[in-house]
Amino acid sequence: MLIYNPRQTVLITCRGKHAVVGKSEEKDDIVPLQWHSPVSSHPPMYSIVLNKDLMAVSIIRNSGCFVVNFIPFSMVNVIKSAMRTSGEFLEKCDALGVHEVQCEKLVDCFKLKEALGWLECEVVEEKELGDHVMFIGKVLSSYLDHDDKRPFHVDADKFTTTLY
């Protein structure tokens, strides 16, 4: 266990161009993420930090947007599956058994129907940080449908939740 765990796990969704076997294709991706945080209230901004090797990095660079999906603890098995599943050669929504919903403000991105809430973000800054990339997004739309227990990543495939 790392000293800064447990951390809340969210699912990042994005859609855009990505090179697959040398050919540029429109791809969707869903990435479980623990490294995320609000960074400003006025204007509202949110940061995500992704490993440079993830397909989502090239998609977000090309599309300029992402969605932070806050999910219930009951979806921890979806998180574990997403950790092991690449969207490069398959439709990740179908593989994970989740459903996409069109965003309110972002023209060509999606959010997850099963999420408790969402932050639709437009990238305003990108920063390389060692083996990771930080994207800071201006929150264009946010919504909390309902609250519930949320998943917190402990280590490897171990998760816990809040007490309420």
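The values are calculated or read from the model by the stated rules, or taken from the named source; none is laboratory data. Given the structure is predicted, the values throughout are model-derived calculations rather than measurements. Backbone-built Cβ (ideal geometry, glycine too); neighbour counts: all protein chains shown.
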Legend entry - Contacts under 6 angstrom Cβ, first residue in the stretch 127-152 being of a type in the set (F, W, Y), partner part of a loop (DSSP other than H, G, I, E, B) and at pLDDT 95 or above, 6 or more apart: none
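Taking the stated definitions as given, is L96 over 16 Å from the mean Cα position of the chain (by Cα) and touching a residue at least 12 places away in the same chain (Cβ under 8 Å)? Steps first, answer last, please.
On the way: over 16 Å from the mean Cα position of the chain (by Cα): no; touching a residue at least 12 places away in the same chain (Cβ under 8 Å): yes.
When the stated conditions are applied, L96 does not pass them.
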